[in-house]
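Okay, so here's the structure we're looking at.
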Amino acid sequence: MTRYSGALLMSLAACATTPPPSTSPTPFVMGARETKTLVLTRVASPWWAPDFLITGKFIDSIPEYAAVPALEHKAYTLSDDRRFGGLYLWPDRASAERYFDEAWHARVRKVRGVDGDVQILDAVWTVAGETAEGTALPHHGLRTEGAVTWVWAQAGDDVSARLEGLARLHGVPPGVVRVSLVTAPGGGVGLVALWNSHAKARSFWTPARLDEARAVLGATTQLTWFRAPVFLDVAADRSALAASPALDTAPVGAR
């Protein structure tokens, strides 16, 4: 059983508490273009594994990901089609591609018996969420009610205009931990948001709001949902985990 310091566990547990909602949405401010990269992974879950067991394995693997060079943030995800994975934030595409190389795919095939679905997205603008008081939302938590939403479409040649429209539509609503405008080779555009509350994400993404997104991005727009029961600020947690005595940092397999 992996052991953590009492301080870290208390910190993570406290961060799982949902903060009070804002009185009005915060605009998404598009500053200087960034080079960060988001990666969404999905791997088929064993048919016999209940969600609580998978979540426990997520928590056990925290030391492994705290030691991954360059990784800034990870949200562990579960999808409605029985796939588990994660939303990873990297400082650049090169760091992401070094981690999700052929050896990673081979390891997943060996351990899980299937290949992993890996979507590498350029996060050209990223904004952190805020509470009503204007302070940053917690960026890590254990056994949370969090969620990840990914709205996506092929935008052709109008990438910049569609991203600006999506930023105006979405903003930074209450409950968002982090939101990124993303692109991909071939003209794909979209937005990925990590929420500290599945209920807040559902209340935001109403059918009417999705219709608005289709008006901005086009008829091919899709919205994908993930539950995020565990998420962590890797950079902040790495130092705390390193100070934990008798920490078991052995790899726990591909996740």
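With the structure loaded, tell me whether residue 23 is under 29 Å from residue 170 (Cβ atoms), surrounded by fewer than 19 Cβ atoms within 10 Å (Cβ to Cβ) and at pLDDT below 85 or whether it fails that test. When the stated conditions are applied, residue 23 passes them.
For segment 174-192, a tally of residues being within 13 Å of residue 137 (Cα to Cα) and among the hydrophobic types (A, V, I, L, M, F, W, C) returns 3.
Mind listing whichever residues of segment 136-176 are among the polar types (S, T, N, Q) and either touching a residue at least 24 places away in the same chain (Cβ under 8 Å) or in a strand (DSSP E or B) (or both)? Scanning segment 136-176 gives 144, 149, 154.
Within segment 137-175, the residues that satisfy the criterion of being modelled with pLDDT of 90 or more and under 22 Å from residue 59 (Cα atoms) are 145, 146, 147, 148, 149.
Taken over segment 63-89, residues that are within 15 Å of the chain's Cα centre (by Cα) and either crowded, with 20+ Cβ neighbours inside 10 Å or not acidic (Asp, Glu) (or both) amount to 16. Across segment 183-230, the number of residues qualifying as touching a helix residue (DSSP H, G or I) at 6+ places or on another chain (Cβ under 8 Å), farther than 10 Å from residue 152 by Cα, surrounded by fewer than 18 Cβ atoms within 10 Å (Cβ to Cβ) and aliphatic (A, V, I, L, M) comes to 0. From the list 49, 32, the lone residue that is loosely packed, with under 15 Cβ neighbours inside 10 Å, more than 22 Å from residue 107 (Cα to Cα) and either of a type in the set (S, T, N, Q) or without any contact (Cβ under 8 Å) to a residue 60 or more places away in the chain (or both) is 32.
The values are calculated or read from the model by the stated rules, or taken from the named source; none is laboratory data. Please read all numbers here as calculations on a predicted model, not as lab measurements. Backbone-built Cβ (ideal geometry, glycine too); neighbour counts: all protein chains shown.
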